[in-house]
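First up is the structure itself, then whatever we jot down about it.
The values are calculated or read from the model by the stated rules, or taken from the named source; none is laboratory data. From a predicted model like this one, the values you see are computed outputs, not experimental measurements. Every residue, glycine among them, receives a Cβ derived from its backbone with ideal geometry; neighbour counts consider all protein chains shown. Heads up: the accessible areas ignore ligands, DNA and RNA and are worked out on the full protein's heavy atoms, side chains in. Shrake-Rupley method; radii C 1.70, N 1.55, O 1.52, S 1.80 Å.
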Amino acid sequence: AQTIHQWPVAEIKAVGSPLSLGCTIKGKSSPNLYWYWQATGGTLQQLFYSITVGQVESVVQLNLSASRPKDDQFILSTEKLLLSHSGFYLCAWSLAGVNTGQLYFGEGSKLTVL
Amino acid sequence: GEKVEQHESTLSVREGDSAVINCTYTDTASSYFPWYKQEAGKSLHFVIDIRSNVDRKQSQRLIVLLDKKAKRFSLHITATQPEDSAIYFCADGDNSKLIWGLGTSLVVNP
């Protein structure tokens, strides 16, 4: 069975500090991977997606970057956090494009920037 | 740009009644419409989806209707139970991106 694990579960960080969030998918070869951001009580905004190792497409610029260093790993990072980065970050995978079937979400990472 | 409007921000029903959540979209090329559920403080889970080649799909107590002329799709939850209480998101999209509604908070009262 496929599993998706996100880390850390929660972080409290200072404005201007760096951030790294991770996501690992086990049991599925070459998945499509996605990063989503959800403001508290808000809707989802797709940030990045990746079809293959080393390739990441940006959907919206929020002073964040993403990388896929391994087939089963997706990393979201920034060198300088802003207050507006606070929220819930969700990693997800799919078998192919998002319109071919469901997305499988990780449990999320809650980020609070102070 | 493309937009998905979710018409009910909150919905309260009595246990056993039906709940209906409506969404409209703007992109005439849209062909895939999924629904996701988010329980309080948790992640999202897929509920049901519908493609543009059909206008109705049912999975147990869940029914999705699609009206392509009106660019509208809806989620019907029949015989609601307290565990149906959650935020429901509709979405539509192309191969690489989903456009999400703002979510509907459904409360099922015992």
All-but-one check, A:PHE105 against (1) of a type in the set (A, V, I, L, M, F, W, C); (2) more than 12 Å from every other protein chain (Cβ to nearest Cβ); (3) within 13 Å of the chain's Cα centre (by Cα), failing number (2)
- Query: Out of all the residues in region A:67-84, is one or more within 12 Å of another protein chain (Cβ to nearest Cβ) and among the small types (Gly, Ala, Ser)?
  - Reply: no
Picking from A:ILE75, A:ILE51, the residue that is within 10 Å of the chain's Cα centre (by Cα) and either crowded, with 21+ Cβ neighbours inside 10 Å or hydrophobic (A, V, I, L, M, F, W, C) (or both) would be A:ILE75
All conditions in (1) in a strand (DSSP E or B); (2) closer than 28 Å to B:LYS3 by Cβ are true of A:GLY42 except (1)
**Study point:** Qualifying residue in region B:100-110 (condition: open to solvent by less than 60 Å² (accessible area, probe 1.4 Å), within 20 Å of A:VAL98 (Cα to Cα) and not in a strand (DSSP E or B))
**Key:** yes
Considering region B:23-49, residues that are farther than 17 Å from A:GLN38 by Cα and open to solvent by 40 Å² or more (accessible area, probe 1.4 Å), and then whichever is modelled with the highest pLDDT, we arrive at B:THR26
Of those in region B:90-110 that are in contact (Cβ under 8 Å) with a residue 40 or more places away in the chain and within 7 Å of chain A (Cβ to nearest Cβ), the residue nearest to B:SER18 (Cα to Cα) is B:GLY103
Exactly one of B:GLU15, B:GLU39 is on the phi < 0 side of the Ramachandran plot and away from chain A (no Cβ under 12 Å), and that residue is B:GLU15
Scanning region B:83-99 residue by residue, the ones that are assigned to a loop (DSSP other than H, G, I, E, B) and at pLDDT 95 or above total 1
Of A:GLN45, A:GLN102, A:GLN73, A:GLN38, the only residue that is within 21 Å of B:PHE89 (Cβ to Cβ) and either in contact with a Leu (Cβ under 6 Å, 6 or more places away or on another chain) or modelled with pLDDT of 95 or more (or both) is A:GLN38
From the option list A:SER58, A:SER65, single residue qualifying as open to solvent by 20 Å² or more (accessible area, probe 1.4 Å), modelled with pLDDT of 95 or more and farther than 20 Å from B:VAL47 by Cβ is A:SER65
inquiry  = Checking the structure you have, find out if any residue of region A:2-24 is open to solvent by less than 70 Å² (accessible area, probe 1.4 Å), of a type outside the set (Val, Ile, Thr) and at pLDDT below 95.
reply    = no
Pairs returned, first residue in region A:19-47 that is at positive phi, second residue that is part of a loop (DSSP other than H, G, I, E, B) and charged (D, E, K, R), beta-carbon separation under 7 angstrom, 6 or more apart or interchain, are A:SER30/A:ASP71
